[in-house]
Each structure stands twice: as C-alpha cells, then as structure tokens.
1. Could you list which residues have their amide H under 5 Å from that of Trp544, counting only those 5 or more apart in sequence or on another chain, with H placed in the peptide plane?
2. Helix-only mean residue ellipticity at 222 nm, the chain, DSSP H runs n ≥ 4 weighted -39,500 (n - 2.57), per residue, nearest 500. What is it?
3. For the chain, give the magnitude of the charge dipole about the Cα centre (Cβ charges: +1 Lys/Arg, -1 Asp/Glu; no others), in debye to the nearest 20.
4. Rounded to whole Hz and in sequence order, give me ³J(HN,Hα) for the range 515-528 from the Karplus expression 6.51 cos²θ - 1.76 cosθ + 1.60, θ = phi - 60°, writing x for Gly and Pro.
5. Using a 1.4 angstrom probe and counting only protein chains, how large is the accessible area of Asp370 in Å², to 10?
6. Taking the Cα centre of the range 50-150 as origin, sum charge times position over the Cβ atoms of Lys and Arg (+1) and Asp and Glu (-1), and report the length of that vector in debye to the nearest 20.
7. Gly468: net charge of surrounding residues, Cβ under 9 Å, Lys/Arg +1, Asp/Glu -1, itself excluded?
8. Roughly how many debye, to the nearest 20, is the charge dipole of the range 78-125 about its Cα centre, given +1 on each Lys and Arg Cβ, -1 on each Asp and Glu Cβ, and no other charges?
Amino acid sequence: MRTDASSTDDDPSDRSSREWCEEALTRLNAGRLEPALEAARRAAGLDPGAEWPQRLLSLVHERLGRDADALPFAERAVRLAPGSWPARLRLAAALRRTPGRRADAEGHGELAQRFAPELPGPEVLLGDLALLRGDHRGAARRYRAALARDPGHPQARVNLGLALLRWERPRPHHDPAWPIDPRETGRARRALEVWSRQARLLVAVATLAVGTCALLLGVGAEARLGGLAVLVVLVPLTVRHARRVAVLSYVPAMFRRDPWLGAGVASAAVAVAAYTAWLLLGAEPDDPVGAGLAGIAVLSWPALAAVRAPAEVWRGRPLRALAALSALSPEAEGAAARAARRNAGVMLWMVLGRTWSVLVAVAAGALVVDPRAAVAAVAVPYPMVRGYLRARHRGDVPLRAATVLVVLAAPACAAGGLLGSAWAWRAGFGALALVVPVFAVRATRAWWRGGPGPWRSSLLMCDLPVGGEPSVALDAEVRRAFSAARGVVLSYGGPLGPRAVGAVASVTSSGELRLIAGAEAWDAVEADPRVAVFAGDPPRLRLWAEVSGVALADAGVLRVTPKQVRVGEFPGRHQRPG
C-alpha cells in the first residue's frame, strides 16, 4: 500500500501546471515575489480549472501588498474547489484584510476547520481573527487547540503569548467589521492625536510662561493678555485637524474601542478649558483655585502618562506568555522567531516593571509599618528571574542591568529592615532608583533609532502566509481505477456510525470526484462533509483506490475534493513469489 498526495498526470509539455506551482511556491518561500507571481501565472494558464494556481496567485499578491488583487483569485479558488480547506483558508486570510468582511472571513475559517479538523492551520487563523477583534479568551482557546494538534506550531506559540497579554492590534480604534477603509479611521486617529498633543503642549508652555511673568516680572495682567493669543492660535489649529477627520460619525465608536485615544483627546480638552478659565479668572499666584487650574493645564499629559504606564504594565499575564514562547523550538527561524525574540524582550520589561513596583511598595510599606516586614522583599524578584532564565533572552544590555539592580535591591532592603542598617536601606532604594534612568536610556535609544521600545506597543503579531499548500492530484492510475471500476463505494459518518453506500462516480479534469448518491448520504454530508470514496474491481486491473476528501452538494451531485489518495493491490496469484 502507498500514499500518493502529490502525484502528477502525464503531460506532454516540458513543464506541467503542477510543476509551475511547485516552482512558484519555491520562489515564494525564498522571498522572490515577482518571479513567483510569473510562475503562478504560467501554472494558471496551463490549467485554468485548477485551484492551486489561483491560491498561489492570491498569496503572492498579498505578499506584495496588493490586498485588493489577492481577493478575486482566492474567491475563484473556492469556486473551483469548494471543498478545499486550503482554498477556504486562503479566502479567509484575504477577507481579513478587506474592510467590512470580517464575518465572511470567520465563516470561511470555520468551514476550513470543518473540512480539516485534524490540522492546526484553521484553528490558528480563527485564533488570529479572535485576537484582532479583542476576544483574547477565544483566541487563546483556538491557539491551544492548534497546539494540541501540532505542539511546535510557531505562529500559534507566538500569538498565544499575545492573547495571554491581552494585546491590542496596532489599530485598536478600528473595528474590522466597519465598511470603511482602515486608512480613513487611521487618518482620523492621527489628526486627533496630533491635535491633543499640540493643544496640551501649547497650553502647558503658555501657562508656565504667564505664571513666570506674573511671579518674577510682576506683569501678570499683560502676560494674561498675551496668553489669550494662544487661544486664538488654537482655533485655526483645531479647525485644520477637524477637517482631516472625514469619518466624524465613527469617532465616538473609535473612542470606545481605544479608551486611551479618547482619554488623550479628553485630557487636551480639559487642559484647554482649565487654561481658559485660569486666564479669565485672573487668579493670583497664591489662590488655590488658580493654582489648581494652572496645574491641570500643565500636568494633564504627565498625569495621563502616569496612569497609563502602570495600566499597561499590569495588564495580562506576561509570565504565562513567556512560558508559551519558551516552548518554541530553539531552531525556529524566520518571521516567527523574530517576533518571538522581540515579544520576549517586551514581556521581560513588563515583568521587570511589575517587580520594581511591588518592591517599592513593600519597602516603603515596611518603613512606615514595621521595618522587619522588608524581609518579604527577598521573594519578590523570584518570578522575574525565573522568567528571564526561561526566555533565554540575549542582547538587551539595559534589561540585564535593570534586572541585576532589582535583584540586588531586594536583599539590601531586607537587610536594612532586619539589621536596622541605614546603609542597607540606602543601597536598596538607590538600586531601585537607578532602574528609572536605565529604563529611560533604553527607551530613548529605541526612540532615537526608531526601533521597538520596552513597551506594549512594540509587541508583534506573527502572521505567516497561509493557503499555499499543494493540492492533492489524482494521477492517471487512480483516474483509470475510478473510470473503469465496476463499483464505487461512498463511506461517510452517519448518526449511528460509519456507513457505506454504492455511488456512481466521475472524475473531472481538475481531479474532483462527482458522485450521485441517495438522500441519506446528502443529509450525512451536510452534518459532516468528510467522506471516503473507494473504487475496486476494475477490469484487467488488480488495483484499488481510495480517496479521502470533503464532499459538498452542488447541482444534484456531491463534489468531493481529495485530501488524501491511497492505492493498493488486491491479493492474488500475481503476488506469489516466482
């Protein structure tokens, strides 16, 4: 018995359609996109009824950034082979990048999962769709299901870590189900962000300038009159940015989806309002109301940053995410390995931030309540050290330095509490204080170089190309077996267990089986489309053939797309040794 999943028909030409498909896939994996596109076009030209070339054309266009061109080829592949799970997966991936087609993408992903429940690919794609819409629990469930089928699947490993971290996609303000181009909401978000930054900066600088003139130069009234000029400048600035918001009706929904965007815009509006009230009231420097309004105008951005930083650090489960990444094979290469290394570094900074904040709280609380309670600080760095060793992260010198400082600060604070040593306390708090400039150096370096920084927004989703798998072809031997067989048997899963019925079969030029079967088989296929078709006892042939595949009802027949082909010989005299 032998398994034949990639055999080709005899072709008189120098290179067949399947050979061009294999060449296109080789070029695609090597990153040679334009040559891969040319090979896929040649394959499609030689066999217009085959779905594999159409999938490859869609995949290459997607890799070239031509999402609109990728969709028609993926749709044609599904029309040619509606029971092909790679075709459904390719179409789902193409629809994922099409505005307003998220529900359609999920529908085709679910069909791919029904057609091939034993494979991890459909579960990974469904997990990606759940992750992108913010369903972190559902995404984690899908990724774990994929890993149960293939524990080494790199994309499932990387993206499971993101789901455990409650990661938000780079455009959290945009709902993929909206029937508008993400670039429109992206421009609106950019305009809102820029306006809020400029408005907060203007009123903060103006408040400090007016306050300095009033306190040091004694020209408070004149300075306030000059400060009104800032409000005049804000009017055209606001109008200019408002004109860039072409999707104004979607702005409230954008704020709901991205609360930090809404908080930034709201803080800018509050700062402008506080600055205006401060100027109009003309409060004196020692007036608490004026001081409060000035403080709001100046500190709106630092206060928002102070709230956001711990919220970002304490969201999700970075230690579990690191455990998911650590299970990735050390030999893993390519985009998945790069994303894993980058995400591990960000996760370690998050764990470090949690450890640092807990240590500060424990040490400060011990000083206030009972210094001996500082002994608890010794256990605080343990999860951080364990995560660092598990991640096997290399190359981030500031991260290593900050980790060492936190590890040294814990026993120093404990020694200060137990021994009453002021120098031990100073050493512990000094080490904790040094972590701040180390983090600042790391963040500044990332900002200056334009690289990923030690913050949540630097997390990277793994998005490997899908839908390029070879289709299963029926070679000439299998075609002859089905066309000449005296009997064709269809096997399917019924409510009382597997069933087998007789069927009439034909084979199309593209390798699809067409069956005529009874109504009971149609009902069973509707519930579970996975079937097997057996052809045996062909005249003058001692071979039998079995095609496992996916059956779908269409125009009075069952269309079976092959997933696996097995061919064997019947026992007989020809098998006796000579």
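1. Under 5 Å from the amide H of Trp544 lie the amide H atoms of Gly568, Glu569, Phe570, each far enough along the sequence or on another chain.
2. -20000 deg cm²/dmol
3. Values: 73 positive and 52 negative charges, 234 e Å.
Its charge dipole is roughly 1120 debye.
4. Listing the rounded values in order: 10, 10, 9, x, 5, 5, 5, 5, 5, 5, 5, 4, 7, 9 Hz.
5. Using a 1.4 Å probe on the heavy atoms, I get roughly 50 Å².
6. Values: 18 positive and 13 negative charges, 28 e Å.
Magnitude of the dipole: close to 140 debye.
7. Working: positive: Arg55, Arg90; negative: Glu469.
Here the count lands on +1.
8. Numbers: 8 positive and 5 negative charges, 57 e Å.
My answer is approximately 280 debye.
The values are calculated or read from the model by the stated rules, or taken from the named source; none is laboratory data. This structure is a prediction, so every number in the text was calculated from the model and none was measured. So basically every Cβ, Gly included, is an ideal-geometry build from the backbone, and we count neighbours across all protein chains shown. Surface areas here come from the heavy atoms of the whole protein model, side chains and all, with no ligands, DNA or RNA. Shrake-Rupley method; radii C 1.70, N 1.55, O 1.52, S 1.80 Å.
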